[in-house]
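Below: one structure, written as structure tokens.
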Amino acid sequence: MFKITELNEHYETLAYIGHVNNVIEGVIPENLINRRFLASDFEYGFELASPQGIFNLGESILLNGMIYSSRTDISRSERDPLMWGPEFVTSGIFLIPKGTKPNLNAKFFSFEGQLTLADLYQAIFDKIQCPFAVVGCVELSKVYAKSITRAPIHHENIFKNAQEYYTEKDYIEDNVNLAITAVVSDHNDPKMTDINEKLSSVLYYNPFAKNNNLLAHTHALLLNKPIIDIEEVRPKNAKEVLHLLDHSIIRYVNFKIYRISDLTCIAS
């Protein structure tokens, strides 16, 4: 069963701080080194952040007034990698501003299907024909994910130095519950050139990802139990933050969808 429900006909102006290129190249802009932001000022978000400081920047996701991120300091392997708190530092993060209402809802459920996350993103795009953000809860029958293990702050390209920044094995598991946030667009569509230029603050060609028609960037909060509505996720349910690869296979989805017409930069 796959169902998309139209909630309104609006298009949204979403937001970002910094840039994903800062993350990839290990750069912290001077004005962001010590600047802290409140998670409660935003509805949702994801990319690179820390509730502590720049030496602990990791995979992050923002929801329900909290930032969750993966520990990347030298103690990562010695204790729980999950950090969370009400404020954060960042060199690059995508955000859904406070009060922004979703434009559509998508639900999917199947015990037997082989629908991947990329397939679902394509089905949504085929329906709405524009870039979009999604947030929601999912159950995956097979999850493929990665997690950065060193803070990208040393002016090194994380992909050219992957052996230093991805020191742990890929996360591959069956029957996993997650809360996710993502941005998706078609970078081959000339009609979307202007918005795609702004979306380059969050979207990029990931060498770890499989090639698809659409470009997607997805982060996920690993949960310790099934949760249907993302508003019900609390710190006690959280286990780890992951960069989710979109060949992961879906069993259940409950998504809010935001059509993207524009992006605004909060701090660069």
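The values are calculated or read from the model by the stated rules, or taken from the named source; none is laboratory data. All values reported here derive from a predicted model rather than from experimental measurement. Cβ atoms come from the backbone with ideal geometry, glycine included; neighbour counts cover every protein chain shown. The accessibility values were calculated without ligands, DNA or RNA, using every heavy atom of the protein model including side chains. Shrake-Rupley method; radii C 1.70, N 1.55, O 1.52, S 1.80 Å.
Just a few scattered comments:
- Inter-probe distance in nm under a simple model that places probes 7 Å from Cα toward Cβ, at ASN212 and ARG79: 3.6 nm
- Note on LYS236: lysines with a C-alpha under 20 Å away, same-chain residues under 8 apart excluded, are LYS225.
- Probe 1.4 Å - accessible area at THR5, Å² to nearest ten: 50 Å²
- Mean separation of Cα contacts under 8 Å, 6 or more apart, over the residue count of the chain: relative contact order %: 30 percent
- Sequence ranges 23-29, 56-62, 95-101, ranked by mean other-Cβ count within 10 angstrom, highest first: 56-62, 23-29, 95-101
- Amide H to amide H distances under 5 Å link LEU82 with ARG71, where only residues 5 or more positions off or on other chains count and H is placed in the peptide plane.
- Added length on full extension, which subtracts the Cα-Cα distance from 0.36 nm per residue, ARG36 to LYS169: 44.7 nm
- Note on LYS127: lysines with a C-alpha under 18 Å away, same-chain residues under 8 apart excluded, are LYS3, LYS107, LYS191, LYS256.
- Each residue of the stretch 18-23 was assigned a 3J(HN,Hα) from its phi angle through the Karplus expression (A = 6.51, B = -1.76, C = 1.60, θ = phi - 60°), giving x, 6, 5, 5, 4, 5 Hz with x at Gly and Pro.
- Cα-based reach from LYS160 at 23 Å (exclusive), listing lysines while leaving out same-chain residues under 8 positions away: LYS146, LYS169, LYS210
- Proximal charge balance of ILE195 [Cβ under 14 Å; K/R count +1, D/E count -1]: -3
- For the chain, modelled as a GNM whose springs connect Cα atoms under 10 angstrom apart, the maximal fluctuation among GLU30, GLU78, GLU173 occurs at GLU78.
- Charge tally around ALA106: other residues with Cβ under 11 Å, Lys/Arg +1 each, Asp/Glu -1 each, net +3.
- Put HIS187, HIS155, HIS217 in order of accessible area, highest first, and with a 1.4 Å probe you get HIS155, HIS187, HIS217.
- Part-to-part distance (alpha-carbon centres) for the stretch 114-185 and the stretch 1-18, which is given in Å: 19 Å
- The figure for GLU87 is an accessible area of roughly 70 square angstrom, using a 1.4 Å probe on the protein chains alone.
- Contour excess over end-to-end distance, with Cα ends at PHE55 and ASP262 and 0.36 nm allotted per residue: 71.4 nm
- Exposure of MET1 as accessible area (Å², to 10), given a probe of 1.4 Å and all protein chains: 140 Å²
- Cα pair distances of the chain binned at 5 Å [whole percent]: 1, 6, 14, 19, 21, 18, 13, 6, 2, 0, 0
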